[in-house]
Structures are given as structure tokens and as C-alpha cells.
Ligand code: PLP
């Protein structure tokens, strides 16, 4: 049980409310959903109803909806499935296949592509496309990377670290114009249930969803695959379930809880967005009242201002007035401490101090992590390393309150100032 007064790591995972947990318990002991008794038939009916609901709220009526253990598995099923199928088709023909991916994908895709290219370097090429300085992927850049032998383009809907929302419809149109045969895969995990989504209208052929990001328990997700492409997928887990594309007995209790959580998310989505935008603006105002604040793009273009100030808070949200829910997820704000005296601010020390104050946040990649590697997302944005060291992610949910944000601001500013004072004392 997380013991805290402010939980602000909702892009990591969300807390499960009692009504969702009780749905999970209700669906335990229903037997094997592939069996023929009444309880098993009820489980199958519930899963079919959930598929129908997903088809309506996520705009994927012409798609297979396959239950998985989460989005890492969904990403693997779709990406490995398409790549393995393409490799089978070119076997012995002396040809190569090409994949285009954004450089800011979740590790479940980045590591998969690295593994595939390691094992099949003789036949697979991957082009990683960088985002712009605000963290967004541009359709033009993605399309320019497409080649005649490109089989798949991968671009996530919203980034889990920065919250930047990509124009997937525009990207899909552009890449299919460049090569109509490409399979468009989008990891829509961070957008699903938080912002309106229509998979068909976005031109997506394959999509991954994970329900623990919207107040369901961990361990349940779906892979959404256009009917016309479903025969192109080689399974990675074999069996009869999910039309043989993803075998394995379904996790009925978690799926039932996911259904309840999905309903709740969609019933209150518009009011949740409005509330989170207000909360995000409140957070930015509170930060501005306590320390000099600047947006990332202004920070990068104001060399002289940077030199004058000992410490600034840099807000990674370039949308006009901050908090435009079409450009950045309404629940996400990444902020970085830019400390120009002494060593850079240390985000893991800030995170630990916040935890002592019973406030939970996340750092994309800790400044003193053993690997000393900065977040691949922030590196791809070409963010100055002084900012990557001090970057903290605040991610809210429909249950977040202003009190939680106040607790965060107090702890965050106190620790940032303590690090600055220590640097002055050492001078
Ligand atoms: N994709 C994104 C963008 C995520 O944020 C996450 C979760 O951290 C995943 C995929 C993986 O989801 P899961 O935990 O269900 O495997």
C-alpha cells in the first residue's frame, strides 16, 4: 500500500478505487472462461460486452480487440507479429525490411527494436526519428524516413514523461502517402481514457492499451488490430483464445475491473480534463509565485537570462498559456530545476526529499542512477543536460486535489533552494 499524502505518479500507475476493486472480487471464481458452464459463459459475455464498449469509446469497430497482460505485451504482440511475418515473407530472397520509429517510445518498444535488430542485423533496418524541441513528433519528419521497403511506422500518441501529444492522424496520413503499405502502430496507453480517441479516424492499424493507467489493477491490457491486418500477425503466445492470435486463459477479474475503470474514465472524461487543466494551471501559478519560472523553449532561446539567474524552474509545456490539453496531456507536467551555481540540481534527491514529506512523484531517469544515463526521451529532445539532471514529472488523476499540489510545491521548492544554498555555501 502506498503510504503518502500526495500521489502524483499517475502516469506510472494509478490507485484502484474501491468500486473497481470490488468488481474484481465479484469476478473471481468464475472458472475458466473457455469452459462451457454458466459462470464461464458469463465471463465470455462480459468480455464481449467490454470489447463492444471499447469499440464505441475508442472508435475501433473494425478491429480485433485482444486481451493481454498489459501494454508491454500488446506492443510486443503487434510489433514482433508484424516484423516476424515480414521476415518470413522475405526469407531466402536477399531482401531487407525497414521500420520507422519515433525515438521517444516506451522502453517496451525501444528494447524490442534493439533486440530484433541485434538478432536480425542482416535483414532489419530501423530509423529512429527525433522529436522537435517541445517533445512532439512531426508528420513531415516521420514521412521523410519512410522507404519503399518500410513495413511499419511506430509512433506513440502521448509521451509518458513529457505528456506531449502527437498528431497521430497527421502522421498516419503522411507516412501512408509516402508508402501506402506501411502498418501504423501507436502505443496509445497514456492517452486512452484521458483524452478523446478514435483509433480508426487516427489511421491506426495497431494500438496498445493498458488499464492500470486509468485506475484498474496492473496486469490487463488490450492489443487493437485492424481486421484486415490481423492475419499478418504471428502470435507470440499460442493457444485458442483471442481467435488464436493471443493464447492464454484471460485474466477475467482484472478484465472486469478494467471494464469498470474504462466506463468511469469515459463517463467523466470531459469534466476530468477541465479539472486537470485547472489544477495544472494552479500548479504553474504556485511555482511561479515561489521561484522564477520559464518555459523550455524560452529557456533554450535566452542564453543571457540563463546566465543571470542562479536558479530557474523550467516548465516543459510549450502550449500557449500552458496547459493546452490538445498539445500536452492535461494530467502531466514535467518541470526541471535549472541550477546555474555549483553542480546541477539532482532530481533523485528532490524525489527522495519529497517522499520523506509523503509526496510521491517520478523522475524519468534519476540524476545519480547507476547507469548515469539520462532519459532517452529528454535526450532525443536535445534538452540541456543541466535540465535533464533536475527533471521531475508530476502526473495527476481525477482524484488529485490542490492540497496535494501545495504539498508538492512546498517540498519541491524547499529542496531545490536547499541544493542552491549548499552550492553557495561551498563557493
Ligand atoms: N507504453 C507506455 C507509454 C507506458 O507508459 C507504459 C507503462 O509504463 C507501457 C507502455 C507499459 O504498460 P504495461 O505496464 O501495461 O506493460
Reported set for the stretch 183-222 where residues are under 13 Å from the mean Cα position of the chain (by Cα) and on the phi > 0 side of the Ramachandran plot is 193
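One line per residue, one yes/no per condition, for (1) in contact (Cβ under 8 Å) with a residue 60 or more places away in the chain; (2) surrounded by fewer than 19 Cβ atoms within 10 Å (Cβ to Cβ); (3) farther than 20 Å from residue 395 by Cα; (4) within 12 Å of the ligand (Cβ to nearest atom):
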| residue | (1), (2), (3), (4) |
| --- | --- |
| 157 | no, no, no, yes |
| 170 | no, yes, yes, no |
| 175 | yes, no, yes, no |
| 183 | yes, no, yes, no |
| 201 | yes, yes, yes, no |
| 210 | yes, no, no, yes |
| 219 | yes, yes, yes, yes |
| 222 | yes, no, yes, yes |
(1) buried (at least 19 other Cβ atoms within 10 Å of the Cβ); (2) over 15 Å from residue 392 (Cβ atoms); (3) at pLDDT 90 or above all hold for residue 326 apart from (1)
Only one of (1) more than 30 Å from residue 20 (Cβ to Cβ); (2) in a strand (DSSP E or B) does not apply to residue 113, and that is (2)
Would you pick out the residues in the stretch 50-71 that are at pLDDT below 95 and either buried (at least 22 other Cβ atoms within 10 Å of the Cβ) or in contact with a strand residue (DSSP E or B) (Cβ under 6 Å, 6 or more places away or on another chain) (or both)?
-> none
Residue ID - farthest from the ligand (Cβ to nearest atom), chosen from residues in the stretch 108-127 that are under 21 Å from residue 181 (Cβ atoms) and under 18 Å from the mean Cα position of the chain (by Cα) = 113
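The values are calculated or read from the model by the stated rules, or taken from the named source; none is laboratory data. None of these values were measured; they are calculated from a predicted model. So basically every Cβ, Gly included, is an ideal-geometry build from the backbone, and we count neighbours across all protein chains shown.
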